[in-house]
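Enquirer: To start, I am sharing the structure in question, which I have written as structure tokens.
The values are calculated or read from the model by the stated rules, or taken from the named source; none is laboratory data. If you're wondering where the values come from, they're calculated on a predicted model, not measured in any experiment. Reconstructed Cβ throughout: ideal geometry from the backbone, glycine too, with neighbour counts over all protein chains shown.
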Amino acid sequence: MKESSLDALTMSRKLVRALIVLNVVMGVLILALLVASLVAKGFVMEALGMQPVGGSSPMAAGRVVMVIGILSTPLAHVVLTRLLDIVNTVRHGPFVPVNASRLRTMGWALLGLEVLHLGVGAVSMMVSTDAQPINLGWSFSATRWLAVLLLFVLARVFEQGTRLREDLEGTV
């Protein structure tokens, strides 16, 4: 394998490991925010710039979004750890049977993340009012849904690639 390819693999491995750590840190921070919102509701509302509107509090919706964030942490962990496993196999050839399974698992995890993302959008639309607009930066993206589809297609490609590789090795 070329040295530039090895450098790219080394950098990819380091980047994915950093993303795994960042994902866990973010999950823990969101959990801490959720706990803080239960223990010190007024302080958290003020810190987040939330104001009660007509006797109701946007904090309940905020907590739902926090729970969604916490639930997304293990799904993102699945995607990132499977990606790291695939990167680790590239040096010896990516068409190994387990990589097809890893890609399929990543597809399911990414699908779960997208469903949770839709939940965030639904919550923000349900609670946002003219008096208290909630802008979570949510938007629908067909690209992310195409990425889910792409992972399932790639899993199938890797299954075929593995079979072809095994057939080729059997004929030599």
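Enquirer: Got a sec? Which helices (runs of 4 or more DSSP H) wholly within the stretch 1-109 have at least 2 residues that are modelled with pLDDT under 95, charged (D, E, K, R) and under 30 Å from Thr129 (Cβ atoms)?
Expert: Passing ranges, in order: 41-47.
Enquirer: Shifting gears a bit: Hey, can you tell me all the residues within the stretch 144-161 that are among the charged types (D, E, K, R), more than 21 Å from Leu116 (Cβ to Cβ) and surrounded by fewer than 17 Cβ atoms within 10 Å (Cβ to Cβ)?
Expert: Arg156
Enquirer: Is one or more of the residues making up the stretch 136-148 touching an Asp or Glu at 6+ places or on another chain (Cβ under 8 Å) and among the aromatic types (Phe, Trp, Tyr)?
Expert: yes
Enquirer: Search the stretch 114-140 for residues that are within 11 Å of Ile68 (Cα to Cα) and pair each with any residue that is of a type outside the set (Phe, Trp, Tyr) and part of a loop (DSSP other than H, G, I, E, B) when their beta-carbon atoms are under 7 Å apart and the residues are at least 6 apart or on different chains.
Expert: Val120/Leu136
Enquirer: Looking at the stretch 148-172 only, could you name the residues that are touching a residue at least 12 places away in the same chain (Cβ under 8 Å) and charged (D, E, K, R)?
Expert: Arg156, Glu159, Arg165
Enquirer: Next up: Cβ-Cβ under 6 Å, sequence separation 6+ or interchain: first residue in the stretch 81-110 and closer than 16 Å to Gly161 by Cα, partner not in a helix (DSSP H, G or I). Which pairs?
Expert: Every condition considered, the pairs that remain are Thr89/Val96.
Enquirer: Identify, please: which residue in the stretch 110-138 is more than 27 Å from Val153 (Cβ to Cβ) and part of a helix (DSSP H, G or I) and is, among those, modelled with the lowest pLDDT?
Expert: Only one residue tops the list, namely Val127.
Enquirer: Please tell me if Trp145 is without any contact (Cβ under 8 Å) to a residue 40 or more places away in the chain, farther than 30 Å from Val44 by Cβ and under 18 Å from the mean Cα position of the chain (by Cα).
Expert: Values: without any contact (Cβ under 8 Å) to a residue 40 or more places away in the chain: yes; farther than 30 Å from Val44 by Cβ: yes; under 18 Å from the mean Cα position of the chain (by Cα): yes.
Considered against the rule, which asks whether it is without any contact (Cβ under 8 Å) to a residue 40 or more places away in the chain, farther than 30 Å from Val44 by Cβ and under 18 Å from the mean Cα position of the chain (by Cα), Trp145 comes out as yes.
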